[in-house]
Each structure stands twice: as structure tokens, then as C-alpha cells.
1. Once the Cα atoms of helix 32-45 and of the chain are each reduced to a long axis, what angle between those two axes, in degrees from 0 to 90 to the nearest 10, is obtained?
2. Indicate the gyration tensor shape class of segment 6-75 (rounded, prolate or oblate), computed on the Cα atoms with a ≥ b ≥ c the square roots of the eigenvalues: a/c under 1.5 is rounded; otherwise a/b larger than b/c is prolate and the rest oblate.
3. Let me check against my output: what whole-number percent is the relative contact order of segment 74-156, with C-alpha pairs under 8 Å and at least 6 apart?
4. Between residue 108 and residue 5, what length in nm is gained on full extension when 0.36 nm per residue of separation is reduced by their alpha carbon distance?
5. How would segment 62-142 be classified by its alpha-carbon gyration tensor: rounded, prolate or oblate, with rounded meaning a/c under 1.5 and the a/b versus b/c comparison settling the rest?
6. For residue 16, put the label point 7 Å out on the Cα→Cβ axis and report which residues of segment 29-53 keep their amide N under 17 Å from it.
7. Could you work out the helix-only [θ] at 222 nm for the chain, with each DSSP H run of four or more residues adding -39,500 (n - 2.57) and the total divided by the number of residues, to the nearest 500 deg cm²/dmol?
8. Can you give me the angle between helix 64-74 and the longest principal axis of the chain, using Cα atoms only, in degrees from 0 to 90, rounded to the nearest 10?
Ligand SMILES: [Zn+2]
Ligand SMILES: [Zn+2]
């Protein structure tokens with residue numbers, strides 16, 4: 001990916017100044033949110049190695065890799081919105097990031113999750129996530145998928 005392209009995480013910063021520096025292991029993600037964003041980009045790019053490496057050992061499973069390979073092959077991610085963060089800063093040991101991620105394949109849908117992160121040996125790791133109910137706009141508001149259509153006219 002050219003380094004000047006806008007980062008897929010939606011930060012509007014160039015990839016190389018955003019998640020690119022973590023995905024290429026040039027730098028370590030300083031906050032839970034930075035790690036979360038870079039993991040989202042890894043899902044977009046099919047970077048299974050990064051997803052495995054940034055998952056905390058306490059919740060790693062023997063079939064993680066197989067499931068991740070399947071997931072990145074079948075799911076096309078369109079957009080990420082970080083909704084809320086709690087702790088997860090450089091001086092914290094734990095952090096929470098609430099986000100909504102939209103996918104268009106295998107179908108249109110959204111993942112609304114509060115992820116939990118732990119910092120160990122100076123690195124943030126994804127531990128697990130709590131699924132939250134989908135964010136549904138009012139009928140006349142813009143759809144969550146980013147189509148620009150009103151919610152009532154989308155996915156009909
Ligand atoms: Zn980014
Ligand atoms: Zn829609």
C-alpha cells in the first residue's frame with residue numbers, strides 16, 4: 001500500500017503515519033485505540049500474522065489462525081468508527097475501545113463491540129470483546145453503512 005494513501009482505519013491520516021507504522025513493526029502501538037485501529041486494518045488487509053501476534057495469550061485458541069483466515073477471506077470491511085475509549089493510554093495497564101465496523105461481504109452488517117485490551121511488557125494486546133446491540137439510526141437518518149441513503153431506503 002503506498003504510504004501516502006489515507007489509512008483504512010478512517011483516521012484521515014496517511015497510512016504510514018497511522019496504522020502502517022505498527023503493521024510494519026516500525027513502532028509499537030502506544031494506546032489501546034491505536035492497536036485496535038491497526039487490528040482493523042489488518043482485518044481489511046488479511047494480515048493474519050498481525051492479528052494472531054496482537055491477541056493476548058490468555059484468550060488465544062488453537063484454531064485462531066484457521067478462523068481468522070476464513071474470516072478475512074469472506075468478510076469485506078468498509079469503515080470503522082471509534083465511538084468511545086476508556087483508559088488504554090500510555091500509562092494504563094488496561095483499556096476499552098467501543099467501535100462500530102461495517103462490512104459489505106458476505107452481507108451488509110455492522111459489528112458494534114467493546115473490546116478489552118491489556119498492556120504487557122510495554123505492548124498492548126487485544127483480550128476479548130463484548131458484543132453490543134447494533135446502532136440503528138432513525139428511519140429518515142443516513143444509514144449506518146455509509147451509502148448516503150436514508151436508513152429506511154437502504155438494504156431494502
Ligand atoms: Zn490507521
Ligand atoms: Zn445502508
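Throughout, read-outs are computed from the coordinates displayed, never taken from laboratory work. Given the structure is predicted, the values throughout are model-derived calculations rather than measurements. Cβ: placed from backbone, ideal geometry, glycine included. Neighbour counts: every protein chain shown.
1. 70
2. Oblate shape, in that a/c is at least 1.5 and b/c is the bigger or equal ratio.
3. Value for segment 74-156: 20 percent.
4. Result for the pair: 34.6 nm of gain on full extension.
5. oblate
6. Within reach of a label on residue 16, which here means backbone N under 17 Å from a point 7 Å along Cα→Cβ, segment 29-53 contributes nothing.
7. Using -39500 (n - 2.57) per qualifying helix, the result is -6500 deg cm²/dmol.
8. 30
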